[in-house]
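Scroll down for the structure; my scribbles are underneath it.
The values are calculated or read from the model by the stated rules, or taken from the named source; none is laboratory data. From a predicted model like this one, the values you see are computed outputs, not experimental measurements. For neighbour counting, all protein chains shown are included, and Cβ atoms are generated from backbone atoms with ideal geometry for every residue, glycine included. Keep in mind that these areas ignore ligands, DNA and RNA; they rest on the heavy atoms of the full protein, side chains included. Shrake-Rupley method; radii C 1.70, N 1.55, O 1.52, S 1.80 Å.
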Amino acid sequence: MTESIAPPTATTETRTTRDLAKVAVSGWLGTAMEFMDFQLYSLAAAIVFNKIFFPDVSPVIGLIAAMATYGVGYVARLVGAVYFGRMGDRIGRKKVLFITIALMGASTTLIGVLPTYAMVGIWAPILLVALRLIQGFGAGAEIAGATVMLAEYAPARRRGLISSLVCLGTNSGTLAASALWAILVAVLSEDQLLTWGWRLPFLASFLLMIFAVWVRRSLKESPVFEQREDVVDGVALAKSDLAAEANSANEADQPKHKPQSTSTIEAALHQRKGKSFLIALGLRFGQAGNSGLIQTFLIGYLATVLLMDKSVGTTAIMIGSIIGFATIPLIGVLGDRFGRRPLYIILSSATAVFAIPMMLMVTSGNPTLVTIAVVAGLNLGVLSLFSMESVTMAEFFGARTRFTQLALAKEIGGILATAIGPILAATLTAVTGHWWPLAAMLIGYSLITLISAAVGPEVRGRDLVRLEDAA
């Protein structure tokens, strides 16, 4: 089948459904690897790292320290978002994707061969933090690049559904990591898990990296990048060059006969920046914050504070991820049918309402109720919002800075919500001895997203070749 995905121009080679399929598989693999790496680490931090790398402190302080090492990766992600985002906007999307996946794969594999605190003392957590920084540096632009690439390939009328494949990749990674940990916790003794079993998932991620790099070697560049009016010979013009080009065109032509390309460039040059970014950042808060609390902290909370079997949390995440394979594309289809804004408002409102019942179910101590609560919270407050985020953020930003702004919105939101959230939650629950801080944080994150959706524009079907932002 050779259906054209994007209309060809003088400088753009026609893209086929086969090219779209390659991009979809590439994005799925890359984001699967990113989230597998981070979920492997987050579950390890919640289950064993407090004993392996921070054994000389109390269980609660060890959990806080393990969550802190989880959080430092998000600082490196922000640096990676700036560095690789600007690179992707200037020289193309696909080149960045090779670098990011290599950095992630190498650092994750090396975590699997790290010496423990018992072997080298304080050097163990230092090396762990160093590898988290490298891992985060590469991951800072991986999902942003995959999101931009797939959204720019997809036909406008099916953009929500096709872009949700990025979220399916994250769900696949979460499922694989959760399944690996569930198996390890179920079949290994405590001593086996702490001595060598925890290394196996990190070493296994190397195979996924090799496959992802192999798929990406034959990708074509994004058609939107090639159609951009500010790109010449595969490289984006600097802002000064664009201004000079616009001024030259203005002097040569009467204003009423001004070329479309000139007016488009001027619109991008003179647009007031920041509004779209702030709205996108607010939309990111609900998904990122809920993810950190449900997929990271809550697993450790169940095992360390509620003293439940470690398999309860990991099994619940695994079941929720399996159900997510239906939830994610369904939300993508609904977003294409009814728009991005209504879906965001409904999902964030429902998550806020569900927060207190969810925590009552979690603290009941009943494994069945705990599983239902985690599964529902994961699909409603994390995966559904992520499905919407995968397309909405790409549509919010103009083509000239889409990669950079999308990556920054994701990573700043990640630092403020996903990274700091579990640390704050661990501290507040330790101080109060109660579950209400978790419910309050879930409600707060969801309300930020609700307000952002309410004040933001509808961007369904927006022309992604436009250089200016949507708001």
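Some notes on this structure:
- Test: residue in region 190-197 that is assigned to a helix (DSSP H, G or I) and either within 20 Å of the chain's Cα centre (by Cα) or within 16 Å of Met36 (Cα to Cα) (or both): no
- Phe354 vs. criteria assigned to a helix (DSSP H, G or I) and crowded, with 23+ Cβ neighbours inside 10 Å: no
- Flag for Leu203 being at pLDDT 85 or above and either out of contact with any strand residue (DSSP E or B) (no Cβ under 6 Å at 6 or more places or on another chain) or buried (at least 17 other Cβ atoms within 10 Å of the Cβ) (or both): yes
- Matching option when the condition is of a type in the set (Ser, Thr, Tyr), more than 15 Å from the chain's Cα centre (by Cα) and modelled with pLDDT under 95, among Thr351, Thr363: Thr363
- Test for Leu380: is it open to solvent by 40 Å² or more (accessible area, probe 1.4 Å), without any contact (Cβ under 8 Å) to a residue 24 or more places away in the chain and touching a helix residue (DSSP H, G or I) at 6+ places or on another chain (Cβ under 7 Å): no
- Test: Leu110 is buried (at least 19 other Cβ atoms within 10 Å of the Cβ) and out of contact with any Pro (no Cβ under 7 Å at 6 or more places or on another chain): no
- Residue check for Asp89: of a type in the set (Asp, Glu), modelled with pLDDT of 65 or more and under 24 Å from Ala179 (Cβ atoms): no
Rundown of residues vs (1) free of Cβ contacts under 8 Å to residues at least 40 places away in the same chain; (2) in a helix (DSSP H, G or I); (3) closer than 29 Å to Ala316 by Cβ; (4) open to solvent by less than 40 Å² (accessible area, probe 1.4 Å), yes/no style:
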{"residue": "Lys94", "(1), (2), (3), (4)": "no, yes, no, no"}
{"residue": "Leu103", "(1), (2), (3), (4)": "yes, yes, no, no"}
{"residue": "Met119", "(1), (2), (3), (4)": "yes, yes, no, no"}
{"residue": "Ile126", "(1), (2), (3), (4)": "yes, yes, no, no"}
{"residue": "Gln135", "(1), (2), (3), (4)": "no, yes, yes, yes"}
{"residue": "Ala146", "(1), (2), (3), (4)": "no, yes, yes, yes"}
{"residue": "Arg159", "(1), (2), (3), (4)": "no, yes, no, yes"}
{"residue": "Gly169", "(1), (2), (3), (4)": "no, yes, yes, yes"}
{"residue": "Ala182", "(1), (2), (3), (4)": "no, yes, yes, yes"}
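- Arg77 being surrounded by fewer than 21 Cβ atoms within 10 Å (Cβ to Cβ) and modelled with pLDDT of 75 or more: no
- With a requirement of 1 or more residues that are modelled with pLDDT of 75 or more and over 16 Å from Ala399 (Cβ atoms), the helices (runs of 4 or more DSSP H) lying completely within region 237-298 that satisfy it span 275-291.
- Figure legend. Inter-residue proximity from region 210-236: first residues over 17 Å from Gly145 (Cβ atoms), second residues open to solvent by 50 Å² or more (accessible area, probe 1.4 Å) and acidic (Asp, Glu), beta-carbon distance below 9 Å, spacing 6+ or different chains. Indicated pairs: Asp230/Asp241; Asp230/Glu245; Val232/Asp241.
- Test: Gly335 is crowded, with 21+ Cβ neighbours inside 10 Å and closer than 19 Å to Glu458 by Cα: yes
- Breaking point among (1) open to solvent by less than 40 Å² (accessible area, probe 1.4 Å); (2) touching a Gly at 6+ places or on another chain (Cβ under 9 Å); (3) at pLDDT below 85, for Glu221: (3)
- All positions within region 13-43 that are modelled with pLDDT under 75, farther than 21 Å from Ser387 by Cβ and open to solvent by 10 Å² or more (accessible area, probe 1.4 Å): Glu13, Thr14
- Residues of region 403-439 that are open to solvent by 30 Å² or more (accessible area, probe 1.4 Å), touching a residue at least 60 places away in the same chain (Cβ under 8 Å) and part of a helix (DSSP H, G or I): Leu408, Ile412, Ile415, Leu416, Ile420, Ile423, Thr427, Ala430, Trp436.
- Members of region 298-345 found to be of a type in the set (S, T, N, Q) and either closer than 21 Å to Ser387 by Cβ or in contact with a strand residue (DSSP E or B) (Cβ under 8 Å, 6 or more places away or on another chain) (or both), listed by number: Ser321, Thr327
- Test: residue in region 178-199 that is farther than 21 Å from Leu20 by Cα and in contact with a Pro (Cβ under 6 Å, 6 or more places away or on another chain): yes
- Residue among Gly300, Gly313, Gly292 that is under 14 Å from Gly381 (Cβ atoms) and open to solvent by less than 10 Å² (accessible area, probe 1.4 Å): Gly292
- Among the residues of region 184-193, those that are buried (at least 18 other Cβ atoms within 10 Å of the Cβ) and in contact (Cβ under 8 Å) with a residue 40 or more places away in the chain comprise Val185, Leu193.
- Evaluation of Asn366 against (1) crowded, with 24+ Cβ neighbours inside 10 Å; (2) farther than 20 Å from Ile448 by Cα (one fails), failing number: (1)
- Among the candidates Leu464, Leu442, residue that is modelled with pLDDT of 90 or more and not in a helix (DSSP H, G or I): Leu464
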